[in-house]
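Q: One structure, as structure tokens, below. Some questions next.
Any read-out appearing in this document is the output of simple, stated calculations on the displayed coordinates, not a laboratory observation. All values reported here derive from a predicted model rather than from experimental measurement.
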């Protein structure tokens, strides 16, 4: 598998893509990719994205903390078959103090034309936890910057520059 980081416009989240081919081990008894394969692909592209920005397990060990899955939500839109080419796309949708939401799209890539069809969408909530204790901990600015997310300081400045909500009489 070849990982390709794809830059996105500045107002959009940083997009990471990973091409794959649906293999024999991905196919269930109904002849299409199993739900377990989709879940594995969601995990695989997240891990590849993290490694691509310099945060593999060694990087997380140096930080003393790591992301763990808190929740997966997957919408299965179309079946995929053995041998089909897919593009896994992921980005950090939002981040708070100790967790983030990662969006993923699984896209069928046509080998005969330039068409692409989204076959599944996922949203995963990741908690950032200390390795030693498993307790939640704040996501460091270095990690936020690696994933092109605003730092906590930038978020607080954005919030303080927003006008207060209107007061109803």
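Q: Based on alpha-carbon atoms only, what is the radius of gyration of segment 63-102 relative to the globular estimate 2.2 N^0.38 Å?
A: 1.64
Q: Just check segment 47-116 against the gyration tensor rule for me: Cα atoms, a ≥ b ≥ c as the square roots of the eigenvalues, rounded for a/c under 1.5, and otherwise prolate or oblate depending on whether a/b exceeds b/c.
A: prolate
Q: Mean shadow of segment 16-84, computed from the convex hull of its alpha carbons, in nm²?
A: Hull-based average projected area comes out at 5.7 nm².
Q: Assuming a viscosity of 1.567 mPa s and a temperature of 4 °C, what translational diffusion coefficient in µm² per second does Stokes-Einstein assign to segment 14-169, Rh being the Kirkwood radius over Cα pairs?
A: 75
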